[in-house]
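Laboratory data are not the source of any read-out in this text; all were calculated from the coordinates shown. All figures in this text were calculated on a predicted structure; none of them were measured in a lab. When we count neighbours, we look across all protein chains shown, and the Cβ atoms used for this are built from the backbone with ideal geometry, even at glycine.
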Amino acid sequence: MRLNARNAIICALIIALAGCATLPQREATAFKTIASADADSFGKATASDLRSRTEAAVIQSAATGISVETMNCDQSTAPAGTMIDKTQCEVKMTGVGTPPLALVEGAPRTRKLIKAVATYAAAMADLAEAKDVAAAKANVDAAEKSIETLFTISGVAAPAAGFTKAIAAIAKGRMTKARRNALLAAAREADPAIKVAADQLTEISKSIKGNVLDSAAVRLNRYQSALDRATETGKRLQAKYSALPARAGRADARDQLRVMIDGEQARRVDAGNALVRTAVDIRLARGMETDFSGLAKAHTALINALDKPEVGMTSAFDGINSFLDAVSSAKGD
Amino acid sequence: MTDEALSGYSALYARLDSLDQTAAIAHDCWSADLSLMAARIAPPDLAGFKAALDLLIPKVQAAFTAARTAHDFDLTDHIESVLSRLYFWRIYARDQFIAALDQASAAAMTALQAATATLQKTAADFDQGDHDTDTAMTSLQDLAEAVGLRS
């Protein structure tokens, strides 16, 4: 009987340990990684948009009448004793037939939102991963001590081999369940917000990508025109220079032409470099991330893993029931 | 679009029209689009405005490229002036769309912050061990009672 009971205990122990729930660390880590990468990607996109549109605005020639101005930034215009609202200080592009284009980083709330998603994901991973493993292990160790003490105080004979380990496994299972429940409750609470964030990032990123490409097109046109003009002007000046006899009395004119030729050459170099820089921005913008659906999918996978009854916990508690039956048998009940 | 902006556009187009044949052809192509755009530029039809720009911009860009290839610098400058404005207007239209979407992020962020606070509090509880110990001891006490080790 005792041998059978011991076998049953060992079996129960194996079941309990095998079933001792592992929290869905893989899913939590995947979600954390995606959220962090998405926050970085979106931040880079909005910064790139601002940089490109600002450059597109400031390179407009004076003849277009387009200018860049600060709006509501001068404190001296505020009534005495008052402060201008800090949010009102803006840099804007203005001009006839020109939209009042804000030269500020866009989507401020969504940038905060994706950072909040990353913070949430980190908190989720912290709880699912290693941070409290040491505490959990200490608690399991403490549980082992407690049950040994319980046996001693109650005057019952020393438990069978592996008994305390089995109880520790049960305790660990219960702790894991508590953590799992906490994670699941938080994940369900956060899920609608994660879906909104994924949709927002996707839709807004498409627009930001379009904006970067449009401002790059403005830059490209400007620099190509400048390059063409500098090249043509340089050619004409060079032809004049070559036609000018190198004789006494014409040195000043030749020098002047030479300075002008050098000036056009410098313009060509500047325009060429700017063209290359713009081309790089265009390539980067074309590869810009605009599908953030992976964020919502990763979160759904995390919830499913937390909520999946066949993963971990059920088998662990099946083990507990078997174990209790086995202990009852061992006591001769 | 303000009256001032529209008159600015008209002036630009008039200048284009008076330049040469290329500009005249371009004007024929654009004039219908311009009036369509002017009708749709009002904020209530932002999508229509952007759609009009989507149709118009490639035509103006093609005219710009043609003028540039022909080394007609004056025409290139004029077209570029219009073209840049069209691009800026399309950026503006997208900005309005982004701003509308961005408003919705605030509510989502509040929900996320609440969930994060719950998680962080739970994590702190686990770190202190109170929650686990309680759970573990409840488990052990239940077990002890079940096996008759404790009354």
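In this structure, the amide hydrogen of A:V91, modeled 1.01 Å from its nitrogen in the peptide plane, lies closer than 5 angstrom to those of A:M71, A:L103, counting only residues at least 5 positions away or on a different chain.
Extending 7 Å from the Cα toward the beta-carbon at both A:C89 and A:L184 defines two label points whose distance is 5.2 nm. For A:N72 and B:A47, what is the calculated FRET efficiency with R₀ set at 30 Å and r taken between the beta-carbons, to the nearest 0.05? Efficiency for this residue pair is about 0.50. Label sites at A:S242 and B:A100, each approximated as a point 7 angstrom past Cα along Cα to Cβ, lie 5.9 nm apart.
Each residue, A:R283 and B:T69, gets one label point 7 Å from its Cα in the Cβ direction; the gap between the two is 2.5 nm.
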